Amino acid sequence: MCGIVGFVGSGNAKEKIIDGLKRLEYRGYDSAGIALPIDGKIEIRKHVGEIKNLEKIIGEAEFDSSIGIGHTRWATHGAPSDVNSHPHGNMDSSIAIVHNGIIENYQEIKEWLIKEYGIVFKSETDSEVIAHLIGIFYDGDLLAAVNKAVEEMRGAYAVCAIAADEPDKMVAVRKDAPLVAGIGKGFNFIASDIPALLKYVRQVYLIENNETVVLTKDDIVIYNENGDKVKRDVFNVTWDADAAEKEGYDHFMLKEIHEQPKGISETLLRRLEEDGSVNLDGISMTKEDIESFNKVYIVACGTAYHAGLVGKLVIEKMARVPVEVDIASEFRYRDPFVDENTLFIAISQSGETLDTLAALREAKRKGARVLSVVNVVGSSVARESDDVFYTWAGPEIAVASTKAYTTQLICMYLIGLYMGSTKGTIDKEYYNKVLDELKALPGKVEAILDKEPEIEALAKKYHRKEQVFYIGRGLDSGVSYEGSLKLKEISYINSFAIAAGELKHGTIALMEPDTLVFALATQDFLYEKMVSNVEEIRARGARIIGVSKEGKTEIEKVCDEVFYIPQCIDEVSPVLAVIPLQIFAYYVAKERNCNIDKPKNLAKSVTVE
Ligand code: M6R
């Protein structure tokens, strides 16, 4: 996590760095800081809280330079505080660094620096050791000092350093944390992610793992881990920075909820031919490959993992192959059964989630074929996969994922359809039926969005609850997990999801009179069983909001309220059923005055283990 930005050019570094940091606040917003070389010394200003707090303390005109580095933090080592904020400097303020990641052996390095060099540490962070390491190795050549420091460091990092004695140069290095260099005319940038640079540049170099970059105002030189210069193709950014603006909505989350019809259409259109076949442009998986897979793993975190829960049932049904879904942070440490006949599907909005990336590498090492479902073009997960199935959700800024989830579901259907039709496990009639239903989804999502006031009213009625349950069966069970995560992450209500049939095996003990339960009942073939499960909790006095398909009204008898989604086949109902849950979470959080787009303790991109 954390966002870093560096600028080198002529004048006004401060303004450009602050602009860039604002675009990276999704990576963390516990504190922010900036370092500029001024009069032979590095001046650092930093402040706990959002970037607006930093802006208040860096207003002075004399605090500016033509080069500088900035940081927005998501705390890992050391609480959010002024002193733990980045940048960190060395003892005589001749070096400053910003860091994204974790230095795993920082304690060891710290003890050594104290013992051998009498270094006095100011912060509790792991990152401060980097500034001191570079400081002790520096003898007039920043690149050499950074290289020597890197030899001592273990862990994940994107670091950018400046030196007071070389005020025309920045040196950045990447290992398992994202870094891009922006190419300007008479200026250059380094940053954790493309949006930070888009106001000023459209051309970037994507920096690879273990590469070091030296930036001056006229040049960007990339070195590989052996110290050889690397020639990198320019990556042209085609999307627009404006896509990351709120456009009149109160919050990015609400805007992104409303962008779902468009995201779903785009994701479908990019992959569907006029004759209805799924186009796999850019994907090298052959019929033989698909037939050779005897197992599929879907691995992801958070919301993306929840998309995988739906993906499992969809792909198993359509392609008749066993699918296991795993949480990325668990997968890599459990010696999973993976070989050349395994298809490994990584799902990630950001494409930078370190747990997912590490799991992907583990699967690759064991010989799996890696297909990723990713939103951010050119991200690490995308680059390290054999094939990429992009979601076309557009930039997702709110920490709570919404449009990425529904577009990930679309990819699950398209992968299922493609594999199933290739293997002959589904017939043409079924294929066409699912396709028609998928194409109808944007309109049906619109219809649900039109009923937003209905859900807002429910949120107003129930926002004081301190505990909410989400239950469902089959595909609804996967959606329950997503509904529950949405609510807890932005409203801080203790919410809990469980397969409805499992309730009676223990969790039903928590049902009290007035406990709020969302009961998802959109699966026709499980409808009656679901109604029975709802009866069981109703008997314990719970308050129940049902989510059901239009025309399936029997559930009204056992629910306090029912929200109806448009009719659809069971397979695609998750795309519709999740929408009221997203809207409910949003309005509950709003009623509770929560920081909806930037919930406490969270960050959009989780690049630490
Ligand atoms: O970028 P990714 O999809 O890999 O992120 C995975 C999770 O960190 C993410 O979905 C997280 O759970 C969201 N805050 C959920 O809204």
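Values in this text are rule-based calculations from the coordinates and carry no lab data. Because the structure is predicted, anything quoted here is derived from the model rather than measured. Note that we place each Cβ from the backbone using ideal geometry, even for glycine, and neighbour counts take in every protein chain shown.
Highest mean packing comes first when the peptides 265-276, 297-308 are listed by Cβ atoms within 10 Å, giving 297-308, 265-276. With only Cα atoms counted, the chain has Rg and Dmax values of 25.3, 79 Å.
Rounded to the nearest 0.05, what FRET efficiency is calculated for K366 and F63 with R0 set to 45 Å and r the Cβ-Cβ distance?
0.30
Entry note, the stretch 305-379: relative contact order of 31 percent, from Cα contacts under 8 Å with a spacing of 6+ residues. With a simple spin-label model that places each label point 7 Å from the Cα along the Cα-to-Cβ direction, the separation between N432 and Y492 comes to 5.5 nm. Using DSSP to define loop residues, name the chymotrypsin sites (Phe, Trp or Tyr not before Pro) in the stretch 447-544 whose beta-carbon has at most 16 other beta-carbon atoms within 10 Å. Listed in order of number, the matching sites are Y492.
Over all directions, the projected convex hull of the C-alpha atoms in the stretch 13-105 averages 5.9 nm² in area.
The stretch 498-555 and the stretch 171-196 have their alpha-carbon centroids 50 Å apart.
Based on DSSP H segments of at least four residues, each scored -39500 (n - 2.57), the chain has a per-residue ellipticity at 222 nm of -11000 deg cm²/dmol. In whole Å, how far is the Cα centre of the stretch 338-367 from that of the stretch 57-126? Distance between centres, Cα-based: 33 Å. Normalised by the number of residues in the chain, the mean separation of alpha-carbon contacts (under 8 Å, six or more apart) gives a relative contact order of 12 percent. Distance between the pseudo-spin-label points of D450 and E291 (7 Å out from Cα toward the beta carbon): 4.8 nm. Sparse packing (at most 16 other Cβ atoms within 10 Å of the Cβ) combined with a DSSP loop state is found for the following GluC sites (Glu not before Pro) in the stretch 279-378: E340. Across the stretch 39-167, C-alpha contacts under 8 Å between residues 6 or more apart give a mean separation that, scaled by the residue count, equals a relative contact order of 30 percent.
Most tightly packed first, judged by the mean number of other beta-carbon atoms within 10 Å of their residues, the peptides 29-40, 585-596, 64-75 read 64-75, 29-40, 585-596. Measuring against 22 Å, Cα to Cα, the residue pairs K175/K246; K14/K52; K14/K600; K115/K148 contain K175/K246; K14/K600 as the ones spanning a longer distance.
With r defined as the distance between the Cβ atoms of Y117 and K246 and R0 fixed at 35 Å, what FRET efficiency is calculated, to the nearest 0.05? That pair, Y117 with K246, gives E of 0.10.
The trypsin sites (Lys or Arg not before Pro) found in the stretch 319-428 that occupy coil by DSSP, while having at most 13 further C-beta atoms within 10 Å, are R320, R334.
Pairs of Lys residues in the stretch 440-491, spaced 8 or more positions apart or belonging to different chains, with C-alpha separations under 23 angstrom: 12 in total.
In this calculation the C-beta distance from A144 to N595 is compared with R0 = 51 Å, giving a FRET efficiency of 0.70. Projected label points at D219 and D92, each 7 Å from Cα along the beta carbon direction, are separated by 2.7 nanometres.
Size estimate for the stretch 360-456 follows the Kirkwood approach: the inverse of mean 1/r over distinct Cα pairs works out to 15.8 Å.
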